[in-house]
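S.K.: Dumping the structure here so I can ask a few things about it.
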Amino acid sequence: MLTALFVLLAFSSCPPLHPEAQRFECTGCGDCCRVEGDVWLNSQEIDAALESTNLTEVAFAAEFCDAAILPTPSSPSQRGSSGSFLRLRHATPGGGCALLDEEQKCSIYEARPLQCSTYPFWPRLLHSPQNWAAEASACEGIQPSAPEIDVPVATRQAEEWAAWLRRFPADYAAAADDARRWITDFVVPLSLCPYASAAAEMTRVSVSRSTTPASLAADVTSEARRLLLTPSVPTALVAAPAFTDLSEFLDIIYSLDESTGDPDLDGAILIAPFHPSFAFAGVDPASALHYEKRSPLPLVSILRAEDVEAIGGEEATARIAAANEEALLGRNGAEVAEIFKRLGRSGG
Ligand code: SF4
Ligand code: SF4
């Protein structure tokens with residue numbers, strides 16, 4: 001089920017099925033839970049997973065998920081799982097789904113998301129004999145000796161999955177990928193934070209669908225509260241793709257840095273903005289130094305103040321900033337710009 005999510009629904013004309021050639025019976029091998037790819041859960045699927053695991057949404061997300069798309073700002077009263085999407089984490093980098101149990105079986109089988117329960121009856125497989133045959137190399141249940149598929153059942157499942165995909169905000173999922181790639185392919189290899197490598201896997205990336213300062217402030221505040229509740233998550237990144245105007249973005253984040261309006265948060269968190277257009281005043285525009293504060297899309301990094309204190313507080317952050325400056329100034333600006341450009345669609 002972890003195979004590519006972002007399929008084009010190019011099979012809407014739904015060519016007829018060929019049950020005599022399209023044979024399938026699941027063997028329960030679990031291979032489809034151990035391949036590269038993403039599984040996202042919508043809010044109904046999150047609710048089902050919470051019931052199955054008996055966990056709160058905060059605990060479930062911290063343990064099993066590595067990215068979130070936050071609820072639409074039009075439904076602020078529905079914060080929590082409603083209106084959200086969560087992406088399941090891989091148990092190890094490049095490894096199987098985090099929800100596999102010790103016996104490599106799905107631990108929420110009865111409540112597994114639609115992407116999983118409809119596999120392999122996805123439109124791009126079901127309605128293409130070539131794709132169906134090729135999928136046999138990934139799924140041992142697709143084989144000539146298996147029973148013919150049940151056409152009405154398979155067709156209904158393909159339609160359900162196509163409908164799910166149509167409601168999925170793929171652009172925001174791509175923004176989550178851009179944000180994570182910034183950590184793994186830029187911050188870590190350029191040594192811009194000595195803690196990023198160890199923290200990368202458990203960092204929570206969330207994407208805000210906000211378009212107004214008030215709703216972005218609400219999203220950042222909500223993610224900060226969540227961070228304080230989840231010690232296993234070292235840091236949180238909130239991507240805010242709509243805030244392409246640097247000044248507006250910085251105004252919102254600096255104002256939150258002064259006060260979130262929540263006494264439980266003020267003094268307990270540190271927030272730092274990163275933006276594709278960031279530039280230090282008075283520095284050569286071609287200097288690599290600007291990339292200390294640049295990210296491929298507008299981002300807010302949230303840290304717990306006690307974690308920063310534990311590594312040495314302001315002295316340590318000043319040391320890291322000085323080391324970053326030295327590392328970046330030792331690099332060719334064009335070379336750093338090229339690495340940055342390769343990060344994603346928002347890069348450069
Ligand atoms: S790879 Fe195919 S046979 Fe194996 S568990 Fe998945 S659907 Fe079943
Ligand atoms: S949720 Fe369950 S069925 Fe889906 S990929 Fe994870 S382990 Fe497999």
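S.K.: Using the structure shown, decide if residue 255 is farther than 21 Å from residue 207 by Cα and hydroxyl-bearing (Ser, Thr, Tyr).
M.R.: So residue 255 does not fit the description; no.
S.K.: Right, next: Just for helices (runs of 4 or more DSSP H) wholly inside segment 275-348: which have at least 1 residues that are assigned by TED's automatic domain parsing to the domain that holds residue 237 and in contact with a helix residue (DSSP H, G or I) (Cβ under 6 Å, 6 or more places away or on another chain)?
M.R.: Of the helices (runs of 4 or more DSSP H) lying wholly inside segment 275-348, those with at least 1 residues that are assigned by TED's automatic domain parsing to the domain that holds residue 237 and in contact with a helix residue (DSSP H, G or I) (Cβ under 6 Å, 6 or more places away or on another chain) span 313-329, 333-341.
S.K.: Here is a follow-up. Just checking, does segment 249-261 include any residue being modelled with pLDDT of 90 or more, assigned by TED's automatic domain parsing to the domain that holds residue 211 and of a type in the set (Ser, Thr, Tyr)?
M.R.: Checked segment 249-261: at least one residue is modelled with pLDDT of 90 or more, assigned by TED's automatic domain parsing to the domain that holds residue 211 and of a type in the set (Ser, Thr, Tyr).
S.K.: Now a separate question. How many residues are on the phi < 0 side of the Ramachandran plot and surrounded by fewer than 22 Cβ atoms within 10 Å (Cβ to Cβ) when one looks only at segment 267-291?
M.R.: Counting residues in segment 267-291 that are on the phi < 0 side of the Ramachandran plot and surrounded by fewer than 22 Cβ atoms within 10 Å (Cβ to Cβ) gives 17.
S.K.: Could you run through segment 227-252 and say how many residues are surrounded by 12 or more Cβ atoms within 10 Å (Cβ to Cβ) and farther than 25 Å from residue 198 by Cβ?
M.R.: Within segment 227-252, residues that are surrounded by 12 or more Cβ atoms within 10 Å (Cβ to Cβ) and farther than 25 Å from residue 198 by Cβ number 12.
S.K.: Just checking, how many residues over segment 111-141 are within 10 Å of ligand 2 (Cβ to nearest atom) and over 21 Å from residue 36 (Cβ atoms)?
M.R.: Qualifying residue count, segment 111-141: 1.
S.K.: Are there any pairs, at least 6 apart or on different chains, whose C-beta atoms fall under 7 Å, with the first in segment 91-113 and touching a residue at least 60 places away in the same chain (Cβ under 8 Å) and more than 26 Å from residue 43 (Cβ to Cβ) and the second part of a loop (DSSP other than H, G, I, E, B) and away from ligand 1 (no atom under 13 Å from the Cβ), and if so, which?
M.R.: These pairs meet every condition: 93/201.
S.K.: Name the single residue that is nearest to ligand 1 (Cβ to nearest atom) among those in segment 36-52 being buried (at least 17 other Cβ atoms within 10 Å of the Cβ) and part of a loop (DSSP other than H, G, I, E, B).
M.R.: Among those residues, the one meeting the criterion is 39.
S.K.: On the basis of being among the aliphatic types (A, V, I, L, M), more than 29 Å from the chain's Cα centre (by Cα) and modelled with pLDDT under 85, does residue 310 make the cut?
M.R.: no
S.K.: Does residue 163 count as aliphatic (A, V, I, L, M) and surrounded by 16 or more Cβ atoms within 10 Å (Cβ to Cβ)?
M.R.: Working: aliphatic (A, V, I, L, M): yes; surrounded by 16 or more Cβ atoms within 10 Å (Cβ to Cβ): no.
Criteria not met by residue 163.
S.K.: Go through (1) within 16 Å of ligand 1 (Cβ to nearest atom); (2) in contact (Cβ under 8 Å) with a residue 24 or more places away in the chain; (3) surrounded by 19 or more Cβ atoms within 10 Å (Cβ to Cβ); (4) over 21 Å from the mean Cα position of the chain (by Cα) and name the single condition residue 116 misses.
M.R.: The failed condition is (4).
The values are calculated or read from the model by the stated rules, or taken from the named source; none is laboratory data. All figures in this text were calculated on a predicted structure; none of them were measured in a lab. Note that each Cβ is placed from the backbone with ideal geometry, even for glycine, and that neighbours are counted across all protein chains shown.
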